[in-house]
Amino acid sequence: IKVDENEVMTLKEVKALRKEMARIKEENEILHQLKIVSKTISIFSKMLQVITIIISAVMIMSMLFIPSVINNTNVDNGSIIVADKNVMEFNLDQMTTNTIVNVFEEHSKLEIILYTEIIMICLTVSVMIISFAMLYLAKLFDSISKGDTPFTLENLKNIKRVAILFISYLIFPDVSGTLFQWITKIDMNIDYEITKIFYVLIIICIYYIFDYGHQIQLDSKGKIYGEVESNE
């Protein structure tokens, strides 16, 4: 097999070349599949970000009407009576009804308004945390779908942001709920799930995998992707 006019490849070299070409082809196929999956995740992340933004806006708007609804709500003989005719009727199970009745009997309406607003703020913060996580998740997978390697410095920064936000989302409800329950003495029925610790460890592990891959890439190939190391 001729390579040029002055050089002829041996059979061993031909086999080595074919093996290398097969390896490159396999790597390109894997990279192509990775880009397709990454693009799909990026699109869904952007959609979820828009949804969470809308939910946050609705929750913030609803906070404006909470004082009016509570001021027009009374309890009588274990029943909940809403004086405002504009409020939509809905059915509650007996346990929820009893909880609401007990809250109205044990606290003033001003306290209930304050507590409800605090709960809504905490819920809104949780939704906004997810919204920001989706923002950086979309950036991460959008970058992966367009690049030649997932282990870039920018991707590492984005996955670090995503990890911090997801960990915050897992921890914030329990912490805020516990503080609220301790201050108000209202039973929030908080369910502490041990599996959340497992999720946190997985997220941290994924970040270190990307960090390790980035360091290996720099050690083996150098900064061939035009990256400049900088502190965030």
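Observations, loosely collected:
- For the stretch 11-58, a residue qualifies if it is farther than 30 Å from LYS139 by Cα and either at pLDDT below 75 or surrounded by 11 or more Cβ atoms within 10 Å (Cβ to Cβ) (or both), and the qualifying residues are LEU11, LYS12, GLU13, VAL14, LYS15, ALA16, LEU17.
- Within the stretch 173-194, no residue satisfies the criterion of being buried (at least 17 other Cβ atoms within 10 Å of the Cβ) and without any contact (Cβ under 8 Å) to a residue 12 or more places away in the chain.
- The stretch 127-172: number of residues that are surrounded by fewer than 17 Cβ atoms within 10 Å (Cβ to Cβ) and closer than 30 Å to PHE104 by Cβ: 1
- Yes/no for ASP84 being exposed (fewer than 10 other Cβ atoms within 10 Å of the Cβ) and either farther than 25 Å from MET128 by Cβ or modelled with pLDDT of 85 or more (or both): no
- Odd one out for MET61, checked against (1) at pLDDT 75 or above; (2) surrounded by 10 or more Cβ atoms within 10 Å (Cβ to Cβ); (3) part of a helix (DSSP H, G or I): (2)
- Near pairs, Cβ below 6 angstrom, 6+ apart or cross-chain, from the stretch 151-168 (closer than 22 Å to VAL127 by Cβ) to any residue that is charged (D, E, K, R): ASN158/LYS139
The values are calculated or read from the model by the stated rules, or taken from the named source; none is laboratory data. Just so you know, these numbers come straight off a predicted model, no measurement behind them. For neighbour counting, all protein chains shown are included, and Cβ atoms are generated from backbone atoms with ideal geometry for every residue, glycine included.
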